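*Asks:* Take this structure, written in structure tokens, and hold onto it; I'll ask about it next.
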Amino acid sequence: MQPRRTFLWLGVCLLALSGSSLAQPAIHLKRRSLLAPNNLQDYRVGPLLRRKSGSSHYLIRFSAAPSKTQLQRLKAGGANVVNYVPDASYLVSAPDETSWDGVGLDYVGRLDTLDKLSPLLARSGAEAAVVVEFHSDVDMQEARALVAERNLTIVEREGLLPSDLLVQGPLDQVTRLADWDEVAYIFPASRELIHGDAVIACAGALTEEGPVAQYVAMSPGWLRTGAAGTAVGLQYFFGAMTPTLPEASVKSEIIRAFDEWARNGNIRFSAASGPTAARTVNVFFASREHGDPYSFDGPGGVLAHTFYPAPPNPEPLAGDMHLDAEEAWRIGASIDVYSVVLHELGHSLGLGHSDLPSAVMYPFYKQSSALTADDIEGLQALYGAPQDAAPSVPLSAPPSSTSTPPDAPPSTPALSITIASPAGNVSITNAAVSASGSASGASGALRVVWTNNRGGSGTATGSTLWSVTSIPLAAGSNRITFTVTDAGGATASQSILVTRNVESAPTDRIAPVLEITSPGAAAILVTADRINLRGTASDNTAVVAVRWTSSAGGSGVATGTQSWQALSVPLLVGINKITVSAYDAAGNAGSRMITVTRR
């Protein structure tokens, strides 16, 4: 089957609906599927460029899921596991003289150059900006040297993974990096990365055997348990929530993300009775060590991680989602609960990372409101399109039995909430807005709370008929969410967008544009103890100052603004990351970084 337009989950292989791919041993990459041969001959065939002689990276596949003894024997022979490749396959680093006999393998080979190049690179122009992913065991100083020797530019960006580099240069030169053994995958950089916007990387789906790399196709997803055409039934369970936000609001945002995936594929979710129930996505917030091999690193690092379904992960770990409780979680802004959970749920369902920068499943989190066509195609390749005839299970409802005795009392209606006023998204000039509505269903007393993504929260008056006299508004857009909770802890939410128009001159939010023209490269090597920097800066109003700071210590003000220079910037031996920033009168800043290595 040929690849689809933008569908980058499967490349040329389909793992999806029947699960038949598991019956035939294969290694599933985005660009191709490698069928296991009857012998292990010719695995060293083909050109190989490498900076470290004596060892290289190999794709290996066991004839069946390996035992711990087999893996120990593999490691004893000098092979180190770098990535897991569903199903029963690994990417390993091993010496040239490694013997694969007696380990139980039915395939040994190497990543081909084409395996390392995203299909989307063909859309790039003569000049390209790409993310180059190196194997996680590669020395990144060697990786930087490799890129620099090809006369390509390394653009320093915060938020990349430790084994990633943002690289710019002629497309034909960029793609030749794939000839090197150290390079794992090359894919297009997003607009945010190119422009220097703040980004946070997702390390990818996890398995008990290790992380899954960008060049790997999706997993087979959750196995179907019902008849063909019926929705794939999954469950969810909430553990500890973040203490920085109202619990009901966080659960509402998580359920909203579940619902977005459910309405676009032939899957449905219901509440589980406990975290270890079969086919359950256990969602909880935790800090540092929390019971799996992937410890969290505190504020500003890894936001979350999620385990692939079963297979390849065992129950009850399969599909579980863990979020770092120490991050500054928000609703509708910054580290947004909904956006992060929406991305991570794709991994829970079996999707890997997409190469398409606009996709929710692109490996760098961004504010999202809905799935893209690329995300939906990946989902439907695994589970099929939504079936209108399939019964709908409210996500906030507790699990129910599969059948109801004829003499059973009528079931309780699903919990729901409606907003009567304002009647729709509105624009006003007032500093506050009132709201009212109704809530129904579920059991016991109902409680309604509101939250504003721009700040503030409170409790409504009433329950089945509720109202709020005054909700403070910030200038601009305010997404106000109303959440009802019943006595059993079930929740339902609705949101409205209220835009407050402030009658004053518009605030300048356009940052200056700064360029470093000398030195002409983003990373250089010197022996002197000082360096001179020069460049230009521009703004929609005016640049009022240019300043520099160094990771090695020290800061200063450059001379000039439109044309500026920072002379005699001190350097320490080793790596010096120097950031130059241009400021306008409103305090907006535009920055560039140069890495200077002093020997």
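*Asks:* Only four residue types carry charge here, +1 at the Cβ of Lys and Arg and -1 at the Cβ of Asp and Glu. Report the dipole size of the range 145-262 about the Cα centre in Debye, rounded to the nearest 20.
*Replies:* On the way: 7 positive and 16 negative charges, 77 e Å.
Rounded to the nearest 20 debye, it is 380 debye.
*Asks:* Still on this structure: Pairs of alpha-carbon atoms within less than 8 angstrom and 6+ residues apart define the contacts here; what relative contact order does the range 485-576 have, in percent?
*Replies:* Details: 113 pairs, mean separation 22.4, N = 92.
This gives 24 percent for the range 485-576.
*Asks:* With the dipole of the chain worked out from charges on the C-beta (+1 for Lys and Arg, -1 for Asp and Glu) around the Cα centre, which of Pro512, Ala126, Gly204 lies farthest toward the positive end?
*Replies:* Pro512
*Asks:* Here is a further query. Taking the Cα centre as origin and putting +1 on Lys and Arg beta-carbons and -1 on Asp and Glu beta-carbons, what dipole magnitude results for the chain, to the nearest 20 debye?
*Replies:* On the way: 42 positive and 52 negative charges, 118 e Å.
So the magnitude is around 560 debye.
*Asks:* Of Lys116/Lys577; Lys68/Lys116; Lys30/Lys577; Lys251/Lys366; Lys75/Lys116; Lys116/Lys366, which pairs sit farther than 28 Å apart, going by alpha carbon to alpha carbon?
*Replies:* Lys116/Lys577; Lys68/Lys116; Lys30/Lys577
*Asks:* Right, here's the next one. According to the square roots a ≥ b ≥ c of the eigenvalues of the Cα gyration tensor, what is the shape class of the range 285-389, taking rounded for a/c under 1.5, prolate for a/b larger than b/c otherwise, and oblate for the remainder?
*Replies:* Working: a/c = 2.13, a/b = 1.29, b/c = 1.65.
The shape class here is oblate.
*Asks:* Add +1 for every Lys or Arg and -1 for every Asp or Glu among the other residues with Cβ under 10 Å from the Cβ of Gly535, and state the total.
*Replies:* Working: positive: Arg534, Arg592; negative: Glu515.
Charge balance in the 10 Å sphere: +1.
*Asks:* Report the charge-dipole magnitude of the range 143-186 in Debye, nearest 20, computed about the Cα centre from +1 at each Lys and Arg Cβ and -1 at each Asp and Glu Cβ. Kindly include the intermediate steps, with their values, before the conclusion.
*Replies:* Details: 4 positive and 8 negative charges, 21 e Å.
The calculated dipole for the range 143-186 is roughly 100 debye.
*Asks:* Leaving out ligands and nucleic acids, note down the accessible area per residue over the chain with a 1.4 angstrom probe, in whole Å². Don't skip to the end; give the middle numbers.
*Replies:* On the way: 26510 Å² over 599 residues.
The answer is 44 Å² per residue.
*Asks:* Shifting gears a bit: For the full complex of protein chains and a 1.4 angstrom probe, list Lys366, Lys30, Lys75, Lys68 by accessible area with the highest value first.
*Replies:* Numbers: Lys366 55, Lys30 5, Lys75 120, Lys68 165 Å².
The ranking, largest first, comes out as Lys68, Lys75, Lys366, Lys30.
*Asks:* A further question follows. Just want to confirm a number: the relative contact order over the chain, from Cα pairs under 8 angstrom separated by 6+ residues, in percent.
*Replies:* Working: 1332 pairs, mean separation 60.1, N = 599.
Relative contact order comes out at 10 percent.
*Asks:* While we're on this one: Taking all protein chains in place and a 1.4 Å probe, what share, in percent, of the accessible surface of the chain do carbon and sulfur account for?
*Replies:* 52 percent
*Asks:* Expected output is a single nm value to one decimal: the length gained when fully extending between Asp529 and Thr276, i.e. 0.36 nm times separation in residues minus the C-alpha distance. What is it?
*Replies:* On the way: separation 253, 0.36 × 253 = 91.08 nm, distance 5.93 nm.
Using 0.36 nm per residue and subtracting the Cα-Cα distance, I get 85.1 nm.
*Asks:* Right, something else. Going from most exposed to least, what order do Glu133, Glu327 have by accessible area with a 1.4 Å probe? Show your work: numbers first, answer last.
*Replies:* Details: Glu133 30, Glu327 10 Å².
These residues rank, largest area first, as Glu133, Glu327.
*Asks:* Something else now. Give the average over all directions of the projected area of the C-alpha convex hull of the chain, one decimal, in nm².
*Replies:* Values: hull surface 124.1 nm².
Averaged projected area of the chain's Cα convex hull equals 31.0 nm².
*Asks:* Using the Cα gyration tensor of the range 116-166, with a ≥ b ≥ c the square roots of its eigenvalues, what is the shape: rounded (a/c below 1.5), prolate (a/b larger than b/c) or oblate (neither)?
*Replies:* Numbers: a/c = 1.69, a/b = 1.46, b/c = 1.16.
Here the range 116-166 falls in the prolate category.
*Asks:* When the convex hull of the Cα atoms of the range 229-330 is projected onto a plane and the area is averaged over all directions, what value comes out in nm²? Don't skip to the answer; put the middle values down first.
*Replies:* Working: hull surface 27.9 nm².
Projected area, direction-averaged: 7.0 nm².
*Asks:* How high is the relative contact order of the range 117-275, in percent, counting Cα pairs under 8 Å that sit 6 or more residues apart? All intermediate terms of the calculation are to be shown ahead of the outcome.
*Replies:* Details: 189 pairs, mean separation 33.2, N = 159.
It rounds to 21 percent for the range 117-275.
*Asks:* Place +1 on the Cβ of every Lys and Arg and -1 on the Cβ of every Asp and Glu in the chain, take the dipole about the Cα centre, and give the residue among Gly54, Thr429, Tyr84 whose Cα lies farthest towards its positive end.
*Replies:* Value: Thr429.
*Asks:* Got a sec? Charge dipole of the range 264-365, +1 on Cβ for Lys and Arg, -1 for Asp and Glu; which of Ile267, Gly291, Tyr308 is way out at the positive end?
*Replies:* Towards the positive end, the residue furthest out is Ile267.
*Asks:* Can you bin the range 241-292 into rounded, prolate or oblate? Criterion: square roots of the alpha carbon gyration tensor eigenvalues sorted a ≥ b ≥ c, rounded for a/c under 1.5, prolate for a/b above b/c, oblate for the rest. Intermediate values should be presented prior to the final figure.
*Replies:* On the way: a/c = 2.19, a/b = 1.31, b/c = 1.67.
Cα axes put the range 241-292 in the oblate bin.
The values are calculated or read from the model by the stated rules, or taken from the named source; none is laboratory data. Since the model is a prediction, treat every value here as computed from it, not as a measurement. Backbone-built Cβ (ideal geometry, glycine too); neighbour counts: all protein chains shown. To get the accessible areas, we keep the full protein, side chains included, count just its heavy atoms, and leave off ligands, DNA and RNA. Shrake-Rupley method; radii C 1.70, N 1.55, O 1.52, S 1.80 Å.
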